[in-house]
Every structure is written in C-alpha cells, then in structure tokens.
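Q: Okay, handing you the structure first.
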Ligand SMILES: Cc1cc2nc3c(=O)[nH]c(=O)nc-3n(C[C@H](O)[C@H](O)[C@H](O)COP(=O)(O)O)c2cc1C
C-alpha cells in the first residue's frame, strides 16, 4: 500500500468528521472481533474510521464480543424458499440490516491460533443466511480487513491464513477487497507505536469513503 500518495492527512484524535456532515457519505460498518476493546485490531479500526469520517463517511462499529451472537446451527431454514432469513433470534438480527445497508464492511480481528478470532468467525458463519445465491447481500460491496498478531512474521503468526480466507470469502461473495492492513503487536494498543501502519490504516479509511 503506497502511503506516499496520501489521500488526506490525519488531524489527530477527536477530529473525526473533518469535512462536516455529508448525508450522502458512504456507510461503513466495522466489526470488531477482539475481546479487547482497546486492543490492537480495534486501534487499526479506529484509525480507519478516523480516515473515513474525515472524508464524510458515516461509520458504525460493533463490538462483537459484547453481542449475543450464537454460532450457525446449520438448520438450513435460511435457505428454504420464501425464508425470512436466519432462524436464530439474537443480535445478528440487528446486524443483518446494517450489513445490507452498508457500502463497505470492515472486519478487524486479532489472530488467535493462526486464524481469525472466534467472535469474528461466528459472525461470518452467520452470514450464510445472507450470502448465498440470490440472497447474497454482499455482491459488489467493498470489504476491508484489519489484523493484529504477536509474531513478527505474518506467515508464522497465521495472518496469511486469515488473509487467504478473506480472499476466498470475497471471491465467493463477488465482493471487492478494498484493502488489508495488518501488523504485529502484543500488548493492548501497542500497535499504535507503529506510525507507518497507523497512517496506512488512516489512508485506507480515506479511500473507503470515496
Ligand atoms: C488465544 C490467543 C491466541 C493467539 N494466537 C496467536 C497466533 O496464533 N499467532 C500470533 O501471532 N499471535 C497470537 N496471539 C496474539 C494476538 O494475536 C496479539 O496479541 C494481537 O495483537 C491481539 O490483538 P487485539 O489486541 O486486537 O486482541 C494470540 C492471543 C491469544 C489471546
């Protein structure tokens, strides 16, 4: 990702929405897949959100760990003719319309055991109800992926597995990958020390708003 072609500059924390209200701005849904609210993947998401709102996008972030979202039960009710959707009545029912309305979906996850967190995977599995065939609400949408992991090597950490899965997912959904920002950090928030990565995340946010 070329951060020299800066689309916009970061005026710093608390300055989201620099272009003021833009009712026609892109709608961005951010899924936060870490249990750590101020963890590293959330920090990446924060910088993406700041970049996006600076360019007039509206961003809604969902802390998945705090939501009641059960794993897919493979009941296949969602695939039946005339089905109203997923049969599980939990917080996914609030998320489905948000995902449908979104122009862009940002998925932020830590790497756990060489892949995305369970919280993230659970939501993705539940998208079976809205991601298959005629029911695919993601066709043509843009996705961005943010990952943090402890090992310095994205192959050793398992980040590459996650990136590969996201690629396969977007291919299946006929969705576009608008960007992937990922980096190594351990303690919560430590990733912010990597200023180049924060800038990369911010610039991705700027592009997502366009
Ligand atoms: C249960 C668990 C499993 C982990 N597995 C891996 C792993 O497979 N590879 C890796 O590089 N880091 C692993 N880590 C470290 C986290 O990915 C790393 O601390 C990351 O920055 C956490 O992101 P967060 O602050 O957004 O939660 C693991 C951490 C936990 C708690």
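The values are calculated or read from the model by the stated rules, or taken from the named source; none is laboratory data. What you are looking at is a predicted structure, and each value in this text was computed from that prediction instead of being measured. Ideal geometry is used to build each Cβ from the backbone, glycine not excepted, and the neighbour counts take in all protein chains shown.
Q: One residue is enough: does the stretch 74-97 have a residue meeting the conditions assigned to a helix (DSSP H, G or I) and in contact with a strand residue (DSSP E or B) (Cβ under 8 Å, 6 or more places away or on another chain)?
A: Step one: of the stretch 74-97, the residues assigned to a helix (DSSP H, G or I) are 77-79, 92-97.
So of that shortlist, the ones also in contact with a strand residue (DSSP E or B) (Cβ under 8 Å, 6 or more places away or on another chain) come out as 95.
Checked against the condition, which is being assigned to a helix (DSSP H, G or I) and in contact with a strand residue (DSSP E or B) (Cβ under 8 Å, 6 or more places away or on another chain), the stretch 74-97 yields at least one hit.
Q: Next up: Working only within the stretch 98-128, note down all residues that are part of a loop (DSSP other than H, G, I, E, B) and either more than 10 Å from the ligand (Cβ to nearest atom) or on the phi > 0 side of the Ramachandran plot (or both). Please lay out each step first, then the result.
A: Within the stretch 98-128, the first condition is being part of a loop (DSSP other than H, G, I, E, B), and the residues that meet it are 102-103, 113-114, 117.
Matches in the stretch 98-128: 102, 103, 113, 114.
Q: Okay, next question. Look through 34, 41 and report the one residue that is closer than 19 Å to residue 118 by Cα, in a loop (DSSP other than H, G, I, E, B), within 16 Å of the ligand (Cβ to nearest atom) and at pLDDT 70 or above.
A: Criteria check complete, one pass: 34.
Q: Further, regarding this structure: Could you list, in sequence order, the residues of the stretch 51-66 that are assigned to a loop (DSSP other than H, G, I, E, B) and within 16 Å of the chain's Cα centre (by Cα)?
A: Narrowing the stretch 51-66 to residues assigned to a loop (DSSP other than H, G, I, E, B): 55-57.
Hit for the stretch 51-66 is 57, nothing else.
Q: While we're on this one: Return only the number of the condition from (1) touching a residue at least 60 places away in the same chain (Cβ under 8 Å); (2) crowded, with 17+ Cβ neighbours inside 10 Å; (3) within 18 Å of residue 175 (Cβ to Cβ) that residue 98 does not satisfy.
A: (2)
Q: Which of the following residues is touching a residue at least 40 places away in the same chain (Cβ under 8 Å) and under 21 Å from residue 51 (Cβ atoms): 162, 185?
A: Only one candidate qualifies: 185.
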